[in-house]
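Asks: First, the structure itself, so that you have it in front of you.
The values are calculated or read from the model by the stated rules, or taken from the named source; none is laboratory data. These figures come from a predicted structure and were not determined experimentally. Note that we place each Cβ from the backbone using ideal geometry, even for glycine, and neighbour counts take in every protein chain shown.
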Amino acid sequence: MKNQVKYLFLLLSVLAACQDEDIMEFSSEDTTVYFQGGAGYSMPADGSVIYAPTYRYIDSTVISFAGLASTERYKTAYLPVKTMGKTKDYPRPVKIIVDKEKSSAIEGVDFTVGLDTIAIPANASEFNVPVTLIRSDVLLEESKRIVFRLEENEYFKLLIPDYKASSSWNAVADTLCALKFTVVFNEQYTMPFYYEMFGEEFFGPWSPKKFQVLNEVMGWTVRDWNNAGNKVAYGRFDFAAKAVRRHLQEMADNGTPVTEPDGSFMQLAPKYAVDYSKYEK
């Protein structure tokens with residue numbers, strides 16, 4: 001306790017001394033642009049007692065469609081564009097490109113973004129660029145990645161190549177690239193233990209898409225599976241299997257059979273099998 005009080009007194013003394021010092025200003029006539037996202041405040045992981053929370057920065061983000069209703073086909077990610085230098089009373093275009101060699105997502109197929117219309121608004125120093133992510137069955141099996149890169153133009157230089165991932169000057173943190181920002185998105189599920197134990201008897205072999213359909217029909221969530229025994233319970237599986245079979249059969253009879261990502265028809269356990277005979281050649 002004595003050491004903590006001593007350290008606190010020293011910290012307050014340093015802060016008081018800083019108030020009398022001149023703060024260095026950005027003096028370049030050039031204006032620079034860079035990416036810098038924020039992940040919120042966190043306490044140090046080294047067991048320190050006195051340290052205040054520090055702000056964590058990021059150069060990538062992960063977006064998940066997991067758990068959303070099937071009608072929700074899009075989500076929006078944002079590119080955090082910031083500038084340093086004097087603001088202007090008119091919009092200033094920013095040049096951002098997609099690094100196609102480093103990206104697995106395809107513009108127009110997996111996402112849309114208006115890169116040709118991006119501009120820092122008048123009298124502003126930052127702007128969040130919206131990127132519309134498109135949901136597809138592919139995301140059940142793999143993640144998609146988009147790597148965006150900044151390039152110089154007549155309005156902005158690239159004077160900040162990187163920065164530290166922490167707002168604390170003395171924190172140990174990774175160095176992040178200020179000239180690129182990565183968006184990763186997916187819809188990945190893992191087989192719950194309760195399904196592994198009892199599910200195949202009713203629903204057949206587990207698959208991410210079948211899990212998605214089952215939850216949508218029954219109104220279940222991943223959290224319900226993690227707390228199995230309440231809403232998700234063995235005693236309800238017979239009813240659930242019959243409800244899913246009815247849904248799949250209606251889809252098949254209407255000419256829109258539900259398929260797995262590999263193209264095969266979605267099927268349940270033999271006792272609850274869906275009749276796809278009309279599609280057999």
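Asks: Regarding region 171-180, can at least one residue be identified that is under 22 Å from residue 76 (Cα atoms) and either assigned to a strand (DSSP E or B) or not assigned by TED's automatic domain parsing to the domain that holds residue 57 (or both)?
Replies: Yes; the residues of region 171-180 include at least one that is under 22 Å from residue 76 (Cα atoms) and either assigned to a strand (DSSP E or B) or not assigned by TED's automatic domain parsing to the domain that holds residue 57 (or both).
Asks: In region 231-260, which residue that is in contact with a helix residue (DSSP H, G or I) (Cβ under 7 Å, 6 or more places away or on another chain) and assigned to a loop (DSSP other than H, G, I, E, B) is farthest from residue 274 (Cα to Cα)?
Replies: 231
Asks: Next up: Write out, first by first residue and then by second, each pair whose Cβ atoms fall under 6 Å of each other, whose residues are 6+ apart or on separate chains, and whose first residue, in region 224-249, is closer than 16 Å to residue 193 by Cβ while the second is of a type in the set (Lys, Arg) and surrounded by fewer than 17 Cβ atoms within 10 Å (Cβ to Cβ).
Replies: 224/231
Asks: Related question: Return the residues of region 183-203 that are crowded, with 19+ Cβ neighbours inside 10 Å and either out of contact with any strand residue (DSSP E or B) (no Cβ under 9 Å at 6 or more places or on another chain) or not in a loop (DSSP other than H, G, I, E, B) (or both); say none if nothing qualifies.
Replies: Within region 183-203, 183, 185, 186, 189, 195, 199, 202, 203 meet the criteria.
Asks: Next question, about the same structure. For the subset of region 98-120 comprising residues that are part of a loop (DSSP other than H, G, I, E, B) and of a type in the set (Val, Ile, Thr), which member is surrounded by the most Cβ atoms within 10 Å (Cβ to Cβ)?
Replies: The residue in question is 113.
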